[in-house]
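S.K.: Quick one: structure below, then a few questions.
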Amino acid sequence: MPAAAGRHGIDQFDATKLDDPVTGGGIKSRRLGVENDLALHRPCSGDLSWPRIDPKQLAEALDRTRDAARDAGVALCLPRMPVSELIRYYDTGIRLADYTCRNAWNTMFIGRQGAAYSCWIKRVGNVREQTLQELWNNPEMRAFRQTCRTRLFAMCPGCCFLEHKTMRDPEGEGE
């Protein structure tokens, strides 16, 4: 992660300040040798700044990758978004309003000391204090699911559980 951050000019990341209306975000950038805040918007307020890849080069690389995977008999798993959105993601950024979180309905992470997370940004309890079933249905987890129905968070782009709304399974999430 530090190497990736350095390649993109990110010196510091403070997730506690992502929704800070004063600083506008917790990422410090050193573009052109000048430190400045990258403007991360409040959830669903617009497009987010993201490392840019030339759309033509990316489309060509994806085509070559698909061809190579097909020739090798390997299943290629891409993010759950149309290819045009994947290209847009690395060109101009994405609109979080066009995406949904699958994580809130199908995953729970357990940390080494028992802390349970619906995703890495939301702690919902501890397996040493509640059963998995209790954690899955507790007020924090249910509230997180309800929030994810209407908005996502500034740190959601890049998450493997982010899904474009056009790719949703109609049998879906349930609550």
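Coordinate-derived values only; no laboratory data. Since the structure is predicted, the reported quantities are computational estimates derived from the model, not experimental observations. Cβ: placed from backbone, ideal geometry, glycine included. Neighbour counts: every protein chain shown.
S.K.: Filter the chymotrypsin sites (Phe, Trp or Tyr not before Pro) in region 45-125 down to the DSSP loop ones having no more than 12 other Cβ atoms within 10 Å, then list what survives.
M.R.: Details: sites: TYR89, TYR90, TYR99, TRP105, PHE109, TYR117, TRP120; in loops: TRP120.
Taking region 45-125 and a limit of 12 other Cβ atoms within 10 Å, the loop chymotrypsin sites (Phe, Trp or Tyr not before Pro) found are TRP120.
S.K.: Which of the GluC sites (Glu not before Pro) across region 93-145 are loop residues per DSSP, with 15 or fewer other Cβ within 10 Å?
M.R.: Answer in residue order: GLU129.
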